[in-house]
Amino acid sequence: MKILVSGGLGFIGSHTVIELYNEGHEVVIVDDLSNSQIRTLNILEKLTGKTIPFYMLDCTDMGKMEVIFKSHQFDGIIHFAGYKAVGESVSKPLEYYFNNLGSTIQLSRLAIKHQVPKFIFSSSATVYGDQKSPFTEDMPLGITTNPYGESKAMNERILTDATLAYQGFNVVLLRYFNPIGAHASGLIGELPSGIPNNLMPYITQTAKGKREKLYVFGNDYDTVDGTGVRDYIHVVDLAKGHVAALNYNHKGIDTFNLGTGKGTSVLEIIEAFERINQIKLNYEITDRRPGDIATSFADCSKAKRLLGWEAKLTIDDMVRDAWNFEKRL
């Protein structure tokens, strides 16, 4: 199949491109480089041995995107493109809603017009809000705590309505939990622009000396050691989940959690990183962050049952691969 990957040079998108090629698919990448780097394209071509068609475009630009759809006959779309910094979404809500909703609407319109039968959307566990874990796909959308999370929930509603209105438009919503790790080659991984939004880049940058100290936000939650618990999943496992979703034959819309089904605390991640990589981290416990919840982990049984997919890689794999990537920068 020929697959359009929006945001294909980002953290999850780039790993998915590799897994798509591993399964014999063709890929076209669209990315505006707002939170990615062009060097990733060269690395992807080196790792896959392919020349990958690339367009530096914003997916909200309907006219320019139309040209791409006229130039290629796509069998599927995997839509990663979108702003993703939770804190920034609070200070720039209009930019987040315009970009995150607009890109989905424009790609959906083009998919319907050009009869692209498969549309896979990059959603998030944030849509569950502060409900009780483990989260299952049949739970109602929760109360989100920031415009980023709300944009994911709104996109899910938009895509649901579109599948009801347009026969032949088939969507899979993939709700990610907490992707970390990097490709085994050490050549691609999480490379945030500016201040990291996620835990692992903070850890690796502190280990490398780029940051003086790692801050752990709160140790008074009702968890195993008082720190927040999340379902961390290796980015390569997550990428393989997209390939499984692409191979899933269904009509209309369906939703899957992509996680490990197991929660790990922040201090447990730190301990694993120190143990596997033989590095002592300088960290400090500080106050909770507003909007953070105590525990978030998935029930992934539906993905195993219907997609034939489950996470294979461990926390030890995740912290080893993340550090292997950081060391090469």
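The values are calculated or read from the model by the stated rules, or taken from the named source; none is laboratory data. Computed from a predicted model, the values in this text were never measured in an experiment. Note that we place each Cβ from the backbone using ideal geometry, even for glycine, and neighbour counts take in every protein chain shown.
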Response to the item:
When (1) at pLDDT 95 or above; (2) assigned to a helix (DSSP H, G or I) are applied to Tyr148, the one that fails is (1)
Worksheet item: If you go through segment 204-218, how many residues are in contact with a strand residue (DSSP E or B) (Cβ under 6 Å, 6 or more places away or on another chain) and either buried (at least 17 other Cβ atoms within 10 Å of the Cβ) or of a type in the set (Asp, Glu) (or both)?
Response: 3
Item to complete: Please work out which one of (1) surrounded by fewer than 17 Cβ atoms within 10 Å (Cβ to Cβ); (2) over 22 Å from Tyr21 (Cβ atoms) is the condition Gln73 fails and give its number.
Response: (2)
Worksheet, complete the sentence: Only one of Ala162, Ala153 is of a type in the set (Gly, Ala, Ser), farther than 18 Å from Asp237 by Cα and in contact with a Leu (Cβ under 8 Å, 6 or more places away or on another chain), namely Ala153
Worksheet item: Which one is surrounded by the fewest Cβ atoms within 10 Å (Cβ to Cβ) among residues in segment 1-35 that are closer than 18 Å to Thr104 by Cβ and charged (D, E, K, R)?
Response: Asp32
Response to the item:
Just one listed residue, out of Tyr83, Tyr128, is more than 15 Å from Cys59 (Cα to Cα), of a type in the set (Phe, Trp, Tyr), touching a residue at least 60 places away in the same chain (Cβ under 8 Å) and crowded, with 16+ Cβ neighbours inside 10 Å, and it is Tyr128
Item to complete: Please enumerate the residues belonging to segment 1-59 that are touching a Ser or Thr at 6+ places or on another chain (Cβ under 9 Å) and on the phi > 0 side of the Ramachandran plot.
Response: Gly7
Discussion item. Tell me the residue from Asp161, Asp138, Asp130 that is modelled with pLDDT of 95 or more and more than 30 Å from His25 (Cα to Cα), please.
Written reply: Asp138
Discussion item. Suppose we filter Ile43, Ile38, Ile52 for residues that are surrounded by fewer than 15 Cβ atoms within 10 Å (Cβ to Cβ), over 21 Å from Phe169 (Cβ atoms) and among the β-branched types (Val, Ile, Thr); which single one remains?
Written reply: Ile38
Worksheet item: Only one residue in Lys50, Lys64, Lys84, Lys2 is of a type in the set (D, E, K, R) and modelled with pLDDT under 95. Which one?
Response: Lys84
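Based on what the data block shows, is Asp237 acidic (Asp, Glu) and closer than 30 Å to Ala162 by Cα?
yes
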Discussion item. Please go through (1) at pLDDT below 95; (2) in contact with a strand residue (DSSP E or B) (Cβ under 6 Å, 6 or more places away or on another chain) for Val17 and return the number of the only condition it doesn't satisfy.
Written reply: (1)
Worksheet entry | Restricting segment 135-162 to residues that are within 18 Å of Ser89 (Cβ to Cβ) and among the small types (Gly, Ala, Ser), the residue that is farthest from the chain's Cα centre (by Cα) | Gly142
Practice prompt. May I ask you to list the residues in segment 20-36 that are at pLDDT 95 or above and either touching a helix residue (DSSP H, G or I) at 6+ places or on another chain (Cβ under 6 Å) or not β-branched (Val, Ile, Thr) (or both)?
Written response: Leu20, Tyr21, Asn22, Glu23, Gly24, His25, Glu26, Val27, Asp31, Asp32, Leu33
Practice prompt. Can you tell me which residue within segment 131-154, out of those that are in contact (Cβ under 8 Å) with a residue 12 or more places away in the chain and within 21 Å of Lys304 (Cβ to Cβ), is surrounded by the most Cβ atoms within 10 Å (Cβ to Cβ)?
Written response: Phe135
Item to complete: Can you give me the ranges of the helices (runs of 4 or more DSSP H) entirely in segment 227-329 with at least 1 residues that are surrounded by fewer than 15 Cβ atoms within 10 Å (Cβ to Cβ) and at pLDDT 95 or above?
Response: 266-277, 315-328
